[in-house]
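Chemist: Sharing a structure below in structure tokens format, with a few things to ask.
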């Protein structure tokens, strides 16, 4: 498969014959006459972090619901850890961990009690469970709070405990639905440090949904969804390379005249609140030439490489923020409490 793949032509085999933990063919979900997910083809390699990027209402949570057997597909098929989500739902559930977007912890239980209960539900032998629970609490830096009630935990601590709970039965795939929603930037960074560590130590595939652009940068591979359809997938670097152009923002003593100079140099410049915005390949290389051509003072110039929001704009004609404001949210899987 090429590094960047447009969402056409069915499922693909990955280059190098990589093992797959999630494979979908034409996966679809409808609610009445509304199509929440349309003909989804995915191939997710084992041991990687795979991100579903898209605005609210794009179909990300609905897809996770189907892959985790919480929603029944209305079309196509899906294999998770080698098992069909329709025909072998119990086998799928044994092989996955799931962290919902909304909190699902009981505030009256301690961290230790929370994990003991989960271990019992998944049939983890009692003797094995004690060591496994302590290992997981150490992994997410909660061992010293194991006897504290969950209601005393911060939002970040609760999310880490939910991740530990999802990993307790040694799943092949950990599904995370908007894992850092509502958390501050410092806590988000800490969560991602833990996710990287657990993936390396546990050899687990991490499959997450997000509409946070900076979060998607942590993924090995990204699939961009919009209005229930898979638009494109690839590595973050490869997706941004498709856009190619850097963004140069220029502020001068006379932006109107500066725009004329840009046009003389063959550059398209648009006026914005922050100055002239110019899209050009190798923006850093253009800056000296551009400044030398301007007969008046340059107050500031910045060069920004392509972002994932630029990629979304390139493929859909709008930014993720614009899409969020237009989103129609379909019913998602109800949290199990």
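The values are calculated or read from the model by the stated rules, or taken from the named source; none is laboratory data. Since the structure is predicted, the reported quantities are computational estimates derived from the model, not experimental observations. Don't worry about glycine lacking a Cβ; one is built from the backbone with ideal geometry, like all the others, and counts go over all protein chains shown.
Chemist: Under the condition of being surrounded by fewer than 20 Cβ atoms within 10 Å (Cβ to Cβ) and touching a residue at least 40 places away in the same chain (Cβ under 8 Å), which residue from region 203-217 is nearest to residue 21 (Cα to Cα)?
Modeler: 203
Chemist: Just checking, which of 14, 79, 53 is assigned by TED's automatic domain parsing to the domain that holds residue 226 and modelled with pLDDT of 95 or more?
Modeler: Values: 14 fails: modelled with pLDDT of 95 or more; 53 fails: modelled with pLDDT of 95 or more.
The conditions single out 79.
Chemist: So, one more: Restrict the check to region 312-323 and report whether at least one residue is touching a strand residue (DSSP E or B) at 6+ places or on another chain (Cβ under 7 Å), outside any helix (DSSP H, G or I) and either at pLDDT 90 or above or outside the structural domain of residue 46 (by TED's automatic domain parsing) (or both). Break it down stepwise before answering.
Modeler: Here is the first cut: in region 312-323, the ones touching a strand residue (DSSP E or B) at 6+ places or on another chain (Cβ under 7 Å) are 312, 315-316, 323.
In the following step, the residues that additionally are outside any helix (DSSP H, G or I) were identified as none.
No: region 312-323 contains no residue that is touching a strand residue (DSSP E or B) at 6+ places or on another chain (Cβ under 7 Å), outside any helix (DSSP H, G or I) and either at pLDDT 90 or above or outside the structural domain of residue 46 (by TED's automatic domain parsing) (or both).
Chemist: In region 133-152, what residues are touching a helix residue (DSSP H, G or I) at 6+ places or on another chain (Cβ under 7 Å) and at pLDDT 90 or above?
Modeler: 133, 134, 137, 142, 143, 145, 146, 147, 148, 150, listed by residue number.
Chemist: Of these, 78, 111, which one is buried (at least 21 other Cβ atoms within 10 Å of the Cβ), within 22 Å of residue 138 (Cα to Cα) and touching a residue at least 12 places away in the same chain (Cβ under 8 Å)? Before you say what the answer is, go through the steps one by one.
Modeler: Working: 78 fails: within 22 Å of residue 138 (Cα to Cα).
Matching residue, one of 78, 111: 111.
Chemist: Among (1) in the same structural domain as residue 273 (by TED's automatic domain parsing); (2) surrounded by fewer than 22 Cβ atoms within 10 Å (Cβ to Cβ); (3) in a strand (DSSP E or B), where does residue 231 come up short?
Modeler: (1)
Chemist: Could you grab me the full set of residues in region 248-285 that are closer than 20 Å to residue 310 by Cα and touching a helix residue (DSSP H, G or I) at 6+ places or on another chain (Cβ under 7 Å)? Step through it out loud before you land on a result.
Modeler: The initial filter retains those residues of region 248-285 that are closer than 20 Å to residue 310 by Cα, namely 248-250, 267-284.
Correct list: 248, 250, 269, 271, 275, 276, 278, 280.
Chemist: Here's another thing I want to ask about it. What do you reckon, is residue 47 assigned by TED's automatic domain parsing to the domain that holds residue 121, within 25 Å of residue 196 (Cβ to Cβ) and within 20 Å of the chain's Cα centre (by Cα)? It would help to see each step written out before you state the result.
Modeler: On the way: assigned by TED's automatic domain parsing to the domain that holds residue 121: yes; within 25 Å of residue 196 (Cβ to Cβ): yes; within 20 Å of the chain's Cα centre (by Cα): yes.
Spelling it out, residue 47 is indeed assigned by TED's automatic domain parsing to the domain that holds residue 121, within 25 Å of residue 196 (Cβ to Cβ) and within 20 Å of the chain's Cα centre (by Cα).
Chemist: What single numbered condition from (1) assigned to a loop (DSSP other than H, G, I, E, B); (2) touching a helix residue (DSSP H, G or I) at 6+ places or on another chain (Cβ under 8 Å) fails to hold for residue 129?
Modeler: (1)
Chemist: How about region 279-294: which of its residues are in contact with a strand residue (DSSP E or B) (Cβ under 9 Å, 6 or more places away or on another chain) and either over 16 Å from residue 254 (Cβ atoms) or surrounded by fewer than 19 Cβ atoms within 10 Å (Cβ to Cβ) (or both)? Show your work before the answer.
Modeler: At the first step, the residues of region 279-294 found to be in contact with a strand residue (DSSP E or B) (Cβ under 9 Å, 6 or more places away or on another chain) are 279-284, 286-287, 290-291, 294.
Those that are in contact with a strand residue (DSSP E or B) (Cβ under 9 Å, 6 or more places away or on another chain) and either over 16 Å from residue 254 (Cβ atoms) or surrounded by fewer than 19 Cβ atoms within 10 Å (Cβ to Cβ) (or both): 279, 280, 281, 282, 283, 284, 286, 287, 291, 294.
Yes or no, residue by residue, for (1) part of a strand (DSSP E or B); (2) touching a strand residue (DSSP E or B) at 6+ places or on another chain (Cβ under 8 Å); (3) modelled with pLDDT of 90 or more:
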{"site": "27", "(1), (2), (3)": "yes, yes, yes"}
{"site": "36", "(1), (2), (3)": "yes, yes, yes"}
{"site": "40", "(1), (2), (3)": "yes, yes, yes"}
{"site": "44", "(1), (2), (3)": "yes, yes, yes"}
{"site": "57", "(1), (2), (3)": "no, no, no"}
{"site": "62", "(1), (2), (3)": "no, yes, yes"}
{"site": "66", "(1), (2), (3)": "no, yes, yes"}
{"site": "72", "(1), (2), (3)": "no, no, yes"}
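Chemist: Sort out which residues of region 87-102 are surrounded by 16 or more Cβ atoms within 10 Å (Cβ to Cβ), in a loop (DSSP other than H, G, I, E, B) and within 20 Å of the chain's Cα centre (by Cα), and write them in order of number.
Modeler: Residues satisfying the conditions are 100, 101.
So that you can scan it fast, the table gives a plain yes or no per residue for (1) at pLDDT below 85; (2) within 29 Å of residue 140 (Cβ to Cβ); (3) out of contact with any strand residue (DSSP E or B) (no Cβ under 9 Å at 6 or more places or on another chain):
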residue: 179; (1), (2), (3): yes, yes, no
residue: 186; (1), (2), (3): yes, yes, yes
residue: 189; (1), (2), (3): yes, yes, yes
residue: 206; (1), (2), (3): no, yes, no
residue: 214; (1), (2), (3): yes, yes, yes
residue: 218; (1), (2), (3): no, yes, no
residue: 233; (1), (2), (3): no, no, no
residue: 245; (1), (2), (3): yes, no, no
residue: 252; (1), (2), (3): no, no, no
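Here's the yes/no breakdown for (1) in a strand (DSSP E or B); (2) crowded, with 19+ Cβ neighbours inside 10 Å; (3) touching a residue at least 24 places away in the same chain (Cβ under 8 Å):
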{"residue": "104", "(1), (2), (3)": "no, no, yes"}
{"residue": "107", "(1), (2), (3)": "no, no, yes"}
{"residue": "117", "(1), (2), (3)": "no, no, no"}
{"residue": "135", "(1), (2), (3)": "no, no, no"}
{"residue": "138", "(1), (2), (3)": "no, no, no"}
{"residue": "161", "(1), (2), (3)": "no, yes, yes"}
{"residue": "192", "(1), (2), (3)": "no, no, yes"}
{"residue": "197", "(1), (2), (3)": "no, no, yes"}
